[in-house]
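Presented below is the structure to which this report refers.
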Amino acid sequence: MEAEDKMKVSLRRSEVELTGKPFYTDYQSVPKGLYSKTQCSKMKEPVKKDEEPVAYVLNRLWLGYLPLYKRKKE
């Protein structure tokens, strides 16, 4: 995926701050129960089209902050 496409998916820090939602600078800081869109799909609990993220995490490979969604993992 090109850098331009990655920027469409991820947010800059200033954009994340405007959401008022929590954000994390690394995956080790993310609380249990929050998952990326890919992780949700793998858990067979895909993100719904109108579902809002509950937090964001910095992913340097994606050049910004990616959304996280709440799921109950057994």
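Derivation of every value follows stated rules applied to the coordinates shown; laboratory data play no part. These figures come from a predicted structure and were not determined experimentally. Neighbour counts are summed over all protein chains in view; Cβ atoms, including those assigned to glycine, are modelled from backbone coordinates with ideal geometry.
Just to verify a result, which residue in the stretch 25-47, among those that are over 16 Å from R60 (Cα atoms) and of a type in the set (A, V, I, L, M, F, W, C), is surrounded by the most Cβ atoms within 10 Å (Cβ to Cβ)?
Going through the qualifying residues, I end up with L34.
Taking the stretch 22-41 as the region of interest, how many residues are under 11 Å from the mean Cα position of the chain (by Cα) and either of a type outside the set (A, V, I, L, M) or at positive phi (or both)?
So the count comes out to 10.
How many residues are of a type in the set (K, R) and either in contact (Cβ under 8 Å) with a residue 40 or more places away in the chain or over 18 Å from S29 (Cβ atoms) (or both) if we restrict to the stretch 42-74?
Final tally of qualifying residues: 6.
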